[in-house]
Amino acid sequence: MGEHVINVSELDCSDVITNKWLSLHPETDFSISGKIKISMTYQSPQSLFIAVNDVTELRCKSQKPYRSIRVYIPGVPYVFETKPASDVKMGDDVSADDVVSCEWKESFEFPVAKEELSSRYVVIVAHDVTNEYLGECHIDLDNFDCDVGYSGPFRLSDMRGNAMVRSRWSRNAVSSEFQDALLAHAQYKKPNFVFSRAGTNKAVSLRVPKAGAESRIRVVNGILVH
């Protein structure tokens with residue numbers, strides 16, 4: 001429902017117990033809003049092009065003159081950012097002092113193999129020159145058509161307090177790590193009681209609820225079967 005971030009460096013370490021009233025701030029800022037328009041195209045063998053066109057109805061309380069868009073794909077070692085852009089007047093702008101629009105028309109290239117698209121997603125974050133958070137959106141690529149591409153708007157919202165969003169890539173990475181570890185054990189036939197040549201058919205599974213990951217392999221007569 002709410003949170004308050006405490007700066008530990010400001011605490012008095014000489015006090016064994018500290019009592020203090022703290023104000024809770026909403027975990028999700030529902031005042032954050034806006035629509036960002038992007039275009040995506042794919043070029044073989046592994047180039048995904050993401051173009052940031054413009055943003056409208058962006059609510060910006062700080063009233064700083066310039067804003068930027070950060071684009072990245074979790075698991076791909078590239079983070080791109082548009083040049084700072086000033087406010088422009090759009091035809092469908094809402095007449096409010098803290099609602100602005102910006103235009104960039106910048107394109108970025110990400111190296112993503114076609115077979116990896118189903119497990120990837122794009123993160124787009126809006127911020128001003130002081131790096132104040134203005135909202136973000138996540139775009140799944142599992143339904144992306146490489147032959148057709150995509151062009152259209154996405155809603156910006158506050159996704160910082162969403163635990164499922166924050167741990168999404170880490171869960172997939174942990175699951176892959178477990179799978180690789182199991183395959184390595186099977187390759188070297190260790191431990192012996194699992195991979196012994198006893199003429200049996202075994203299914204070995206590993207599940208870690210806390211990490212939200214699991215993996216499974218099949219062993220026939222001590223030999224890994226894919």
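The values are calculated or read from the model by the stated rules, or taken from the named source; none is laboratory data. These figures come from a predicted structure and were not determined experimentally. Cβ placement follows ideal geometry from the backbone for every residue including glycine, while neighbour counts extend to all protein chains displayed.
Just one of the listed residues (Ser118, Ser68, Ser62) is farther than 19 Å from Lys35 by Cβ, hydroxyl-bearing (Ser, Thr, Tyr) and modelled with pLDDT of 85 or more, and it is Ser118.
Just to be sure, is Val100 modelled with pLDDT under 90, farther than 16 Å from Ile38 by Cα, assigned by TED's automatic domain parsing to the domain that holds Lys35 and in a strand (DSSP E or B)?
On the way: modelled with pLDDT under 90: yes; farther than 16 Å from Ile38 by Cα: yes; assigned by TED's automatic domain parsing to the domain that holds Lys35: yes; in a strand (DSSP E or B): yes.
In short, yes.
So is Ser39 farther than 21 Å from Glu106 by Cα and modelled with pLDDT of 80 or more or not? Break it down into steps so the answer makes sense when it comes.
Working: farther than 21 Å from Glu106 by Cα: no; modelled with pLDDT of 80 or more: yes.
No.
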